[in-house]
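Here is the structure we will look at, set down as structure tokens.
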Amino acid sequence: MAELFSSTGSGIVLAVASSVSYAGTLILLRRGMQTGSSTAAILVIDIIVGTGALVIALSLGTLQSASLVQIFWFALSGFLGAGIGTITHFIGIERIGVSRATPIHSASPIWAVFFAMLVLGERPHAPIIIGTILIVLGVCLLAWPDRGDAPGLRGWIDNGSLYPLVSSVGYGISPVFIKMAFAHGRAPFLGIAVAFWVGLGVMLVGRRFLPGGGEIVTDRKSRKLFVFAALFNLAASGFLWSAFSVGDITITLPLSRVTPLWVVFLSVFFLKDIEKVTIRILFAAIIIVSGGVLISAS
């Protein structure tokens, strides 16, 4: 029990809580995207999460004590994660569905482990490496082009798998900048605020690359779903950034990417009319989660 309340144990609990909260975000987004555009979804989420985190940072006093160096690293994290990562992830959700795009997006641990070792000097144990490899194998199984797709890279582009894969790179590198910012003081909610407002700026600049030319389309139903998705996302971000502040990236990020298990489970109940959960998707999700369990048990 004492291990649970250690910094590593707290990081594990927070990372898993983040994965559950983010699954709720994605299910609500997928339902909202039936009548609303991905641009509208990003707009609502970035504004609500960015504003909510800013208010929390202000109340905690971390906004007042922030340094320019911290804000710089948080901004770089936001450019890659909340900016490029979110845009490509949402394009993937529209192209191939949430139950396939999310596991591919969850390949981010492989990039995170590599850059955490290279830049931060983290040295993960063998179970963490094996668990990360399992996560990536599950992602590859999901992203593999279907028979009707063109071979090679062209097939990945045709079936839409390339977009969440690019997203995984952005979200894999982003935590390295977060940890560099935390070296100047732990301020997770300030970081979330900066990252999501920067992400909003990236979306506004690159919105023409989004489906439908970045048109903002909503109705009453989609707006309500996007708002609830944003609240889930605020919780998920708070859990995840807090996990980064107390634990190693090589442990916390892979665990936060067991989201596919929750997404596949929830899709069966809440998206069965628009999502098809196949044996391959289920098997891949199990592989990904097995990797997460291995990491948490190390």
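The values are calculated or read from the model by the stated rules, or taken from the named source; none is laboratory data. Quick caveat, the model's predicted, so the values are computed rather than measured. Quick reminder, even Gly has a Cβ in these numbers, built from the backbone with ideal geometry, and neighbours come from all protein chains shown. Side chains included, ligands, DNA and RNA excluded: accessible areas come from the protein's heavy atoms. Shrake-Rupley method; radii C 1.70, N 1.55, O 1.52, S 1.80 Å.
Observations on the structure shown:
- Cβ crowding within 10 Å averaged over residues, with 53-61, 129-137, 179-187 ranked highest first: 129-137, 179-187, 53-61
- Carbon plus sulfur fraction of accessible area for the chain, probe 1.4 Å, in percent: 71 percent
- Among L14, L29, L120: highest mean-square fluctuation, GNM of the chain, C-alpha pairs under 10 Å: L120
- Percentage relative contact order, the chain, counting C-alpha pairs under 8 Å, at least six apart: 41 percent
- Projecting label points 7 angstrom from Cα along Cα→Cβ for R123 and R220 puts them 6.2 nm apart.
- A value for mean projected area of the Cα convex hull in nm² was derived from the coordinates, and within the list [x] 34.1; [y] 24.3; [z] 15.0 it appears as [z].
- Taking D46, D219, D248 as the candidate residues, the one with maximal mean-square fluctuation in a Gaussian network model of the chain, Cα springs under 10 Å, is D219.
- Straightening the chain between V205 and F269 buys 19.4 nm, computed as 0.36 nm per residue apart minus the Cα-Cα spacing.
- Exposure check, 1.4 Å probe, all protein chains in place: L271 carries approximately 0 Å² of accessible surface.
- Accessible area in the full protein assembly, largest first, 1.4 Å probe, for R208, R257, R280: R208, R280, R257
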